[in-house]
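The values are calculated or read from the model by the stated rules, or taken from the named source; none is laboratory data. Keep in mind that what you see is a predicted model, and the values were worked out from it rather than measured. So basically every Cβ, Gly included, is an ideal-geometry build from the backbone, and we count neighbours across all protein chains shown.
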């Protein structure tokens, strides 16, 4: 059955998501169009494909216990020189994101894993591009603001083409909502 690379994240809703994705592409980040704009809860993680149902069941439980919370983005930050990343800061909702990512990575759960760096919720707007472009991203988004009510998170899979696609959406306190448009693209209907 092989392995799959998954990630769990909170999508930045429209129109903010597309706007930040276009800006990221404009700064020269070639990966921008393959990565929906998001706040990471579980970074790219390789799992056995047969473990996917257990992961989905675990995420359903995490979401069912969760409640909506306000998210607000404001201004920029960077992980340089440690990591070549410029990001938009999460100024409201960071604590809730931190709790959620701990629950997703529960040591007793199917995607328990250590992180390479301490968890810091953020929205990447430039990664691994030249320093001048990183500086431009940092400066141009200094006054950036966006807010929305966070009502759940999604499970994503990275395709062989490097593009991340949503497999499922997990609303807080509710049931799993399959993304119908995505299923139509793949020509299948979710069985759970």
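Considering every residue within the stretch 134-144, establish whether at least one is surrounded by fewer than 16 Cβ atoms within 10 Å (Cβ to Cβ) and in a strand (DSSP E or B).
no
Here are the criteria: (1) farther than 25 Å from residue 160 by Cα; (2) part of a loop (DSSP other than H, G, I, E, B). Tell me which single one residue 110 does not satisfy.
Status for residue 110: all satisfied but (1).
Go through 55, 4, 62 for me and flag whichever is surrounded by 19 or more Cβ atoms within 10 Å (Cβ to Cβ), touching a helix residue (DSSP H, G or I) at 6+ places or on another chain (Cβ under 7 Å) and either touching a residue at least 24 places away in the same chain (Cβ under 8 Å) or more than 30 Å from residue 140 (Cα to Cα) (or both).
62
Before we move on, is residue 105 buried (at least 17 other Cβ atoms within 10 Å of the Cβ) and farther than 19 Å from residue 12 by Cβ?
Against the criterion (buried (at least 17 other Cβ atoms within 10 Å of the Cβ) and farther than 19 Å from residue 12 by Cβ), residue 105 qualifies.
Could you tell me whether residue 114 is at pLDDT below 95 and more than 18 Å from residue 29 (Cβ to Cβ)?
yes
Give the stretch 12-39 a look and list any residue that's surrounded by 19 or more Cβ atoms within 10 Å (Cβ to Cβ), in contact (Cβ under 8 Å) with a residue 40 or more places away in the chain and not in a loop (DSSP other than H, G, I, E, B), or say none.
Once the filter is applied, which keeps residues that are surrounded by 19 or more Cβ atoms within 10 Å (Cβ to Cβ), in contact (Cβ under 8 Å) with a residue 40 or more places away in the chain and not in a loop (DSSP other than H, G, I, E, B), the stretch 12-39 yields 16, 20, 23, 24, 38, 39.
Tell me which residues, restricted to the stretch 108-130, are touching a strand residue (DSSP E or B) at 6+ places or on another chain (Cβ under 7 Å) and surrounded by 17 or more Cβ atoms within 10 Å (Cβ to Cβ).
Of everything in the stretch 108-130, those that are touching a strand residue (DSSP E or B) at 6+ places or on another chain (Cβ under 7 Å) and surrounded by 17 or more Cβ atoms within 10 Å (Cβ to Cβ) turn out to be 111, 121, 122, 123, 124, 125, 126, 127.
For the stretch 157-170, check the following and say yes or no: at least one residue is in contact with a helix residue (DSSP H, G or I) (Cβ under 6 Å, 6 or more places away or on another chain), at positive phi, modelled with pLDDT under 95 and loosely packed, with under 14 Cβ neighbours inside 10 Å.
There is at least one residue in the stretch 157-170 that is in contact with a helix residue (DSSP H, G or I) (Cβ under 6 Å, 6 or more places away or on another chain), at positive phi, modelled with pLDDT under 95 and loosely packed, with under 14 Cβ neighbours inside 10 Å.
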